[in-house]
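Just below is one structure, and these are the notes that go with it.
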Amino acid sequence: MAGSRIRVGWQASVGLTGDVLAALVVPLSFPLLLSVYYAEPSLPFLAAITVTLALGALFRRFGDPEVNLGPREAFLAVALIWLLVAAVGAIPFVVAGVGTIAHPVNAMFEAMSGLTTTGATVLRDFSLHSRSVLMWRQVIQWLGGLGILILATAVLSEIGVGGAQLMESESQTQDVNKLTPKISRTAQLIWSLYLGLTALAVATYFLLGLAFDPRMDLYNAVAHAFTSVATAGFSPEPLSVGAFHPVIQWAVVPFMVVGSTSFVLIYFFINGEPMRLLRNEEFHFYLGALGFFSSVVALALFLDPATAFGLEGTLRHAVFNVASIVTTTGYASTDYVLWAPAAKHMLFACMFVGGMVGSTTCSIKSLRWLVALKAFRRDLYTAIHPDAVRPVRVTGKPVDEEVIRDIYGYLLLSIVIFFLLTVVIVVDAERADLRVTEFEAMGAAATTFLNIGPAFGEAGPYGTFASFSMTTRGVMIVLMWIGRIEIIPVLVLFTKAFWTS
Amino acid sequence: MHVVIVGAGEVGTSIAASLASDHEVVVVDVDPDRAEQLKYELDVLTIAGDGTASGIQTAANVDEADMIIACTDDDRTNLVTCGTAKTLGDGFTIARVKSTEYLRTWEGNEGAFGVDFMVCTDLLTAQNIVRVIGLPAAIDVDPFASGLVQMAEFEIAAESPVAGQTVSEADRFESLTFVGLFRDGEMIIPRGDTDIEAGDRAVVIGSPESVQSFANDVAPDTTPDRADEIVIVGGSEIGYQTARLLEEREFTPRLIEQDADRARTLAEDLPNTIVMEHDATDTEFLSREHVDEADIVVTALRSDEKNLLVSVLAKRMGVDRVIAVVDSPDYVTVFEEIGIDIAINPRTVTAEEITRFTYESIAENIAVLENDQAEVLELELTEGCRFAGRSIAELVEEIDARFVIGAITRNHALVTPRGDTVLEPGDHVILLVDSNSVSEIASMA
């Protein structure tokens, strides 16, 4: 370390990562028990448990709880946790050794796609895999949803990534939104809310399954509950939610929508302050986006003679798939790759919207669009009245100019990264002699970087990402990781200033 | 009455002058020359010294005083003066403050700082400006319950849309009560089916917003409506408070402030005001923003010279009404002679408010109507008084006097009186009473 001393309290980050890795034993034991119950091989999970315990112990040994966990250390810890948990999550797929995901890169893709609640899959033949391995995919997504909730409500709002600090000021929650000293309490409230919603989803799906569709058994009810509130999108069924009765498809929609609603505001809603949610402008924007895109897609489907779903079917497919993509879940009720270009391109536009800040949603998020649009409208006004001082307001509260700048920066960065990834996919497909159109490349870039799930063409909802080259998949793994934790925490790790100044 | 006035500036001198003839007045001022001068000017006892010091206060006989008025230019001196006075005796303390922060603290906590009555100069001035802007048709307007309630008297002109309506047709507003109608010099207690005739004078009590709306019904031509353009020049506390009060009355004023940080703060605090950051003496800017087409311009800059300049500019550009805040009382006439429509002096406004308060009564705020035919009283109900615990319908039944309850404030919030409203101790009741029954009613509170 001659010349440059490291100025990051990495011991704190490493220690925290070790704690999280050790705690992974708990979720891993769920598929382990399931494998015993179904008399399937248990080795994949035992191997993962051993590795995570060993890694956890190693990290804790290097960790030092005395070192203060500041913003820099939090950035490092967040990046490390998401990377290493995905790596551990990939172990059962490799050890099971069946199908496409036996390959380490594919296994890592599947696990990263799961942990980042993306839902893009490289599976080709679902029937090859054991029920416990398929359930593990669902569990990873549920964990990813929980992780991002805690990250979003407690950590990101505190260190202010791309305007995320807005959430704090906007929801006025001295009691549930502080990193310290109440982080444990925040985590607890969010945890119990998330758990409650998941349990409600299990009960709803299971009861509807009893009434309408025998394929929605307890296994499938749990599996889908795990990935709907998490807005994640994996399904043990090759046909996704499209495999089930229409009533069940309708029932999934509200859970996706709630999963993408600010959990802090849901907490207030339940605790006797419903107006905080109902008067929230971001909530209006989010519901408005859902309504607008659903109607346009429904109209496009009605006008297209090739898709004959009937009235209920058209509405259901429009609402379901728009909700699935806007909330960044990534389920499908039908193979929308076969739709007319108009409807498909609307779905592509939906990918960039996202749900509310402080939820399990991914993508750019409604709040950022709302602030950017309001700031733009303000700029039009000040073009006419150059001396007017007009703060941008969200739900009546003025937004700092610095936050607006952060949000503009975040939007620009997202668009640039999306564009570069598109270029990489097209060029790499050319190199590997694969037939990928520009639109399919754009869809695949948006869906992985913005953590949505399915794309178009080969990588459509009923297709697989295994059709891309290994290099492309490698790049996608990195970008899912960067995109999920709001870009900045990963990018700062690659600056010199982060480590030395 | 033995009155001690601390601070012999414009406000203190003016109050002392009005009280000197009927009361025993002692004036305290730090400046010995000023004290000496006042002794001959007003024929009052003066003491030179620090009014916050208990030695000086003892010398002024504060312990036996009925009233202590702290009206120096400094807020903290005034608050400490009142606090010190409370340690010596039990006189009624009045403090003049500029900061609305202190006022808010005082309103939220009874007797805070040892102050019994607080007059906030900037807020009072802003209220005055808004009254002048908003209710040009009213003959008389008086605030009650620290500005929460307003009493207004209107003359109903023949062309007024209200003329020929019944009281229940005219009174469309939730928090407004029709308390009295004067016709040919006779008072009528209005009922729902009483007809309003041209030439009547109507007295209403209610929230300032509802009084504003009613004024619009009575005189739609002269009363400014929401579409009228009001421009406030200068983001001083007076300018800010004026904009805030106008926002409450659903106007959308424009405010011009030169300082960037102050402009940003104002814009954040005033969601329905368009704040502009520019020098208001720049004529090019004024015409670019069409200030010449404004209906009303209020100048509230920090210096009289600038206010004068902007007022004259606005007047020359063709603004209908220009209202100027003038800090020095001597310039008020100068402003009005030049052609500025109304010049308001914060010190005069403060002195008037304190004097009015001392003149009338300590516990009651009153307005006298129509050659003393009726009075509007504000009564604070005490524990176990005749009013407490009874509904308004019961009181009307039991008490053989002509009175109408116009408004009630409870914990600094307005309660609209209805027949079944039950009064509670601590309530402030604003009511119109026939002059013959004033002392009888006042003794019941």
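Readers should treat all values here as calculations from the given coordinates under stated rules, not as data from a laboratory. None of the values given here were measured: they were computed from a predicted structure. Every residue, glycine as well, gets a Cβ built from its backbone with ideal geometry; the counts of neighbours run over all protein chains shown.
Quick notes on this structure:
- Point-charge dipole on Cβ atoms (K/R +1, D/E -1) for the protein assembly as shown, about Cα centre, debye to 20: 7900
- Stokes-Einstein diffusion coefficient of chain B, Kirkwood radius over Cα pairs, 4 °C, 1.567 mPa s, in µm²/s: 55
- Sparse-neighbour loop sites [trypsin sites (Lys or Arg not before Pro); the range A:349-455; at most 16 other C-beta within 10 Å; DSSP]: A:Arg435
- Radius of gyration, Dmax [the range A:310-399; alpha carbons; angstrom]: 17.7, 56
- Dimensions of the range B:255-314 from C-alpha coordinates, computed as largest minus smallest value along each principal axis and given longest first, are 30, 24, 19 Å.
- Over the range B:49-113, Cα pairs under 8 Å with separation of 6+ residues give a relative contact order of 33 percent.
- Restricting the GluC sites (Glu not before Pro) of the range B:101-156 to loop positions (DSSP other than H, G, I, E, B) with no more than 12 neighbouring Cβ atoms within 10 Å leaves B:Glu110.
- Across peptide B:258-271, the mean count of Cβ atoms from other chains lying within 10 Å of each residue's own Cβ comes to 3.
- The distance separating the Cα centre of the range B:399-429 from that of the range B:187-236 comes to 22 Å.
- Each Lys or Arg adds one and each Asp or Glu subtracts one; over the other residues with Cβ under 12 Å from the Cβ of A:His317, this totals -2.
- Counting other Cβ atoms within 10 Å as a rough exposure proxy, the listed residues B:Cys120, A:Cys362 run B:Cys120, A:Cys362 from fewest neighbours to most.
- Computing Rg and the Kirkwood Rh from the Cα coordinates of the range B:230-351 gives a ratio, Rg/Rh, of 0.94.
- Mean separation of Cα contacts under 8 Å (6+ apart) over length of the range A:378-491, as relative contact order %: 17
- Under the Karplus curve 6.51 cos²θ - 1.76 cosθ + 1.60, θ = phi - 60°, whole-Hz ³J(HN,Hα) for the range A:460-473, x wherever Gly or Pro sits: x, x, 9, x, 8, 7, 5, 6, 7, 6, 4, 4, 4, 4
- Helical contribution to [θ] at 222 nm, DSSP H n ≥ 4, -39,500 (n - 2.57), averaged over the protein assembly as shown, rounded to 500: -16000 deg cm²/dmol
- Amide H to amide H, with H built 1.01 Å from N, A:Thr231 comes under 5 Å of no residue 5 or more places away or on another chain.
- Dipole moment magnitude, nearest 20 debye, the range A:339-457 about Cα centre, only Lys, Arg, Asp, Glu C-beta charged: 500
- Restricting attention to chain A, lysine pairs at least eight places apart or on different chains and with alpha-carbon atoms under 22 angstrom apart total 6.
- Order of A:Ser13, B:Ser18, B:Ser303 under a 10 Å beta carbon neighbour criterion, fewest first: B:Ser303, B:Ser18, A:Ser13
- Note on the range A:397-472 and the range B:49-63: Cα centroid distance 79 Å, given to the nearest whole angstrom.
- Peptide A:378-389 has a mean of 4 when you count, residue by residue, the C-beta atoms of other protein chains within 10 Å of its C-beta.
- Quarter the surface of the alpha carbon convex hull of the range B:125-218 and you get the mean projected area, 5.7 square nanometres.
- For B:275-282, mean number of other protein chain Cβ atoms within 10 Å: 3
- Equivalent ellipsoid dimensions for the protein assembly as shown as semi-axes, Å, which come from the Cα gyration tensor, largest first: 70, 32, 28
- Taking a straight line from the alpha carbon of B:Lys98, these lysines sit under 26 Å away, with near neighbours fewer than eight places off in the same chain left out: B:Lys86, B:Lys306.
- Mean projected area of the Cα convex hull of the range A:1-98, taken over all directions, amounts to 7.4 nm².
- Net charge over other residues, Cβ less than 13 angstrom from the Cβ of A:Thr261 (K, R count +1; D, E count -1): +1
- Local electrostatic count at A:Gln138 - Lys and Arg +1, Asp and Glu -1, tallied over other residues with Cβ under 13 Å: 0
- Fraction of C-alpha pairs exceeding 38 angstrom in chain A: 22 percent, rounded to a whole number.
- About the Cα centre, charge dipole magnitude for chain A (Lys/Arg +1, Asp/Glu -1 at Cβ), debye: 660
- Relative contact order computed over chain B (Cα-Cα under 8 Å; 6+ residues apart), in percent: 11
- As a proxy for reagent exposure, ranking B:Arg288, A:Arg473 by other Cβ atoms within 10 Å from fewest up yields B:Arg288, A:Arg473.
- Taking every alpha-carbon pair in the range B:1-128 and binning the separations at 10 Å intervals from zero gives 14, 48, 32, 6, 0 percent.
- Note on the range B:183-293: Rg/Rh from C-alpha atoms, Kirkwood Rh, equals 1.15.
- Computed over the range A:378-491, the ratio Rg/Rh where both radii use C-alpha atoms and Rh is Kirkwood: 1.16
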